[in-house]
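Chemist: Let me give you the structure first, and then I'll get to my questions.
The values are calculated or read from the model by the stated rules, or taken from the named source; none is laboratory data. Just so it is clear, the model here is predicted, and its values are computed rather than measured. Virtual Cβ from ideal backbone geometry, glycine too; neighbours counted across all protein chains shown. Areas reflect the complete protein model, heavy atoms only, side chains present, ligands, DNA and RNA absent. Shrake-Rupley method; radii C 1.70, N 1.55, O 1.52, S 1.80 Å.
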Amino acid sequence: MSTEQTPVIEKPPAPAAAPPAGREPRFWSPRRAPATLVAVLVLVTAGAFLYDIGAVRARHPAMHWRRELARQLATQPLDATWVLVGAGIAAALGLWLLALAVTPGLRDLLPMRRTHPDVRAGLRRDAAELLLRDRAMEISGVRRVRVRLHRSRAHVLAVSHFRELDEVRDDLDAALTDAIRAMGLAHAPALNLQVIRPGRKG
């Protein structure tokens, strides 16, 4: 008598959900230059102290710079000018490194909406500005366009040499709004549009 076993079908785990629209974080910079600078300074300083300590342990006299540094630190008051200047420089460097550690950087790379939870995409700021400029130049009556794209706002200044300004502004508003939507940015910037005649300064 044979017994039949019912096959067990395991469902694959559900993929992680993508972040909600508008909450995509910025890309973080690797900070290679500051990290290399700090690593080199720490390596040189630690190596010098370790070498000097090893020399003292081997019954050799300490280096002149360390004896002089110890003497100055022991005799100089805390309110001496060079002590305050050194402390200020060290504090400024510490604040700079702390700011680099807690800020993302890469301001020229705009995060795009994530369509897959494991894939992130970004659009360069200059490429987005060029795209908006090209779309604006397609509008009849537009002679020149200047675009400045920030994280939350897109500033567009267009110069129109014919057609009514209101008509050109309406066409530009529709075209640029559609272009901003088509870029798929996680934080769609608000459009700040200005249309002027040639010869006037915006």
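Chemist: Taking H placed 1.01 Å from N in the peptide plane, check which residues at least 5 places from H150 or on another chain put their amide H under 5 Å from its amide H.
Modeler: Distant-sequence amide H within range of H150: H155.
Chemist: I've got another one for you. Using a 1.4 angstrom probe, figure out how much accessible area the chain has per residue, in square angstrom, rounded to the nearest whole.
Modeler: 73 Å²
Chemist: Ok, one more. Using the Kyte-Doolittle scale, which helices in the chain average at least 0.5 and also have C-alpha atoms spread 30 Å or more along the helix axis, with helices defined as whole DSSP H runs?
Modeler: Length and hydropathy pass: 32-57, 81-102.
Chemist: While we're here: Quick one: pull the percent of accessible area on the chain belonging to carbon and sulfur, 1.4 Å probe, ligands and nucleic acids left out.
Modeler: Reported share for carbon and sulfur atoms: 60 percent.
Chemist: Choose one answer from L98, L176, L191: the residue with the largest mean-square fluctuation in a GNM of the chain with alpha-carbon springs under 10 Å.
Modeler: L98
Chemist: Follow-up question, since we're still on this one. Dipole magnitude of the chain about its Cα centre, charges +1 at Lys/Arg Cβ and -1 at Asp/Glu Cβ only, in debye to the nearest 20?
Modeler: Its charge dipole is roughly 760 debye.
Chemist: For a quick check: with amide H placed at 1.01 Å from N, whose amide H comes under 5 Å from L123's, ignoring anything fewer than 5 positions away on the same chain?
Modeler: L110, M112
Chemist: Okay, moving on. Could you tell me which label, among [x] 15.7; [y] 28.9; [z] 10.9, carries the value of mean projected area of the Cα convex hull in nm² calculated for this structure?
Modeler: [y]
Chemist: Still on this structure: For the chain, what is the relative contact order in percent, using Cα pairs closer than 8 Å and at least 6 residues apart in sequence?
Modeler: Contact order relative to length: 21 percent.
Chemist: Show that you can apply the helix-only estimate: for the chain, add -39,500 (n - 2.57) for every DSSP H stretch of four or more residues, divide by all residues, and state [θ] at 222 nm to the nearest 500.
Modeler: After summing the helix terms and dividing by residue count, I get -15500 deg cm²/dmol.
Chemist: For the chain, modelled as a GNM with alpha-carbon contacts under 10 angstrom, which of P61, P104, P117 fluctuates the most?
Modeler: P61
Chemist: Compute the FRET efficiency between V56 and W96 as 1/(1 + (r/R0)^6), taking r as their Cβ-Cβ distance and R0 = 35 Å, and round to the nearest 0.05.
Modeler: Rounded to the nearest 0.05, the efficiency is 0.55.
Chemist: Which one, G47, G105, G141, has the greatest fluctuation when you compute a Gaussian network model over the chain with C-alpha springs under 10 angstrom?
Modeler: Largest GNM mean-square fluctuation: G47.
Chemist: For a Förster distance of 45 Å, can you work out the FRET efficiency between the beta-carbons of F49 and A182, rounded to the nearest 0.05?
Modeler: E between F49 and A182, to the nearest 0.05, is 0.15.
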